[in-house]
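This report refers to the structure that appears directly beneath it.
The values are calculated or read from the model by the stated rules, or taken from the named source; none is laboratory data. Here the structure is a predicted model, which means the values were calculated and not measured. Here the Cβ positions follow ideal geometry from the backbone for every residue, glycine too, while neighbour counts run over all protein chains shown.
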């Protein structure tokens, strides 16, 4: 989870490193810790450290983690020879390592030779049948080949064994959303919220899925989850604020013909609208008139 | 920082002095065979002064306190980590030209 301070620190280090101000190693450590995908920058600055023998020896035993990080970044940027060289160096240093074996299979995957990669993964799994990362790579391979139902099947089998892996639940939820199977995606997000209730972004995604499903109950639950997101982020999440406004207007549209129950919902909507206007005035004042007309049309149509 | 540390040491010394005077007071009471109901009034004031000084030092010496609210400006979660375990490599970035000077020197 990337907090605001970590994001500020990351941006500062990134601008510093891009303008040749040093601090490349701290940037790479931060990217590794936050598990971000900044492959082009990692490749450029990682190689600048690795090609400089004095900086390389200054790292000590961390040198090998850097080789691994640069190898994966090179595969992502399609510089496969750089990746092959890094893996060769690692293989020379650690001849019997399963981790290096995984990297070699990853390289086969990046080259596009799916059958060879599949064989490599199966042989690695024979030695170690409960290796989580290899199971996940099989799912990723199925997804990369376009075999989405196969990926779902593998992922479901994986989750039957490793039910606590929230990355896998998130991946499954995103696959279901891409296939428009929203009920199953809602189930996955519910699992995520159960295991990590303090992460507001899961609440937000769940509310989005419920709002897409539609229907009065789903809209009311979606509004509740949008408001809990606003609570957990201190009111700074613009998407949740918009979600509250849209949900309220959708609910009043659905209940228009039914019995006239006076609901308290308009209070939340007006508060959210006020916060949005203040935020826009501060950050994007030229878009403020569009926002006010949009919000007015929402309340008028209800 | 050094002032806070010095005040902390001073507060601890005051507490030790108050303890020593209480022990001496008890010894005196044993000689006169009276009951020990509590330390005398000036020892109590000394104790409270030592308490205040030590607490002040304990709060100022360690440095800046960090926020614990999950929704405060610095602690709020801004984005989730990119799911690197499921990363795939045949994305549209494959068609970008590779920079020729990126090589690993042996």
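Brief remarks on what is shown
- Verdict on residue B:93 being at negative phi, part of a helix (DSSP H, G or I), without any contact (Cβ under 8 Å) to a residue 24 or more places away in the chain and touching a helix residue (DSSP H, G or I) at 6+ places or on another chain (Cβ under 8 Å): yes
- Long-range neighbours under 8 Å by Cβ, at least six apart or interchain, first residue away from every other protein chain (no Cβ under 13 Å) within the stretch A:139-162, second exposed (fewer than 15 other Cβ atoms within 10 Å of the Cβ): A:161/A:130
- Candidate set: the stretch A:105-133, residues that are in contact with a helix residue (DSSP H, G or I) (Cβ under 6 Å, 6 or more places away or on another chain) and crowded, with 20+ Cβ neighbours inside 10 Å; chosen: the one nearest to residue B:93 (Cα to Cα): A:110
- Unmet criterion (only one of (1) over 23 Å from residue A:31 (Cβ atoms); (2) within 12 Å of chain B (Cβ to nearest Cβ)) for residue A:76: (1)
Here is a yes/no grid of residues against (1) touching a helix residue (DSSP H, G or I) at 6+ places or on another chain (Cβ under 8 Å); (2) surrounded by 15 or more Cβ atoms within 10 Å (Cβ to Cβ); (3) outside the structural domain of residue A:72 (by the TED database); (4) assigned to a loop (DSSP other than H, G, I, E, B):
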site: A:11; (1), (2), (3), (4): no, no, no, no
site: A:14; (1), (2), (3), (4): yes, yes, no, no
site: A:17; (1), (2), (3), (4): yes, yes, no, no
site: A:20; (1), (2), (3), (4): no, no, no, yes
site: A:25; (1), (2), (3), (4): yes, yes, no, no
site: A:28; (1), (2), (3), (4): yes, yes, no, no
site: A:31; (1), (2), (3), (4): yes, yes, no, no
site: A:41; (1), (2), (3), (4): yes, yes, no, no
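- Whichever residue in the stretch B:77-106 is facing chain A (nearest Cβ under 7 Å) and at pLDDT below 80 and, among such residues, is surrounded by the fewest Cβ atoms within 10 Å (Cβ to Cβ): B:105
- Among (1) part of a helix (DSSP H, G or I); (2) within 14 Å of another protein chain (Cβ to nearest Cβ); (3) over 30 Å from residue A:172 (Cβ atoms) - the single one residue B:74 does not satisfy: (1)
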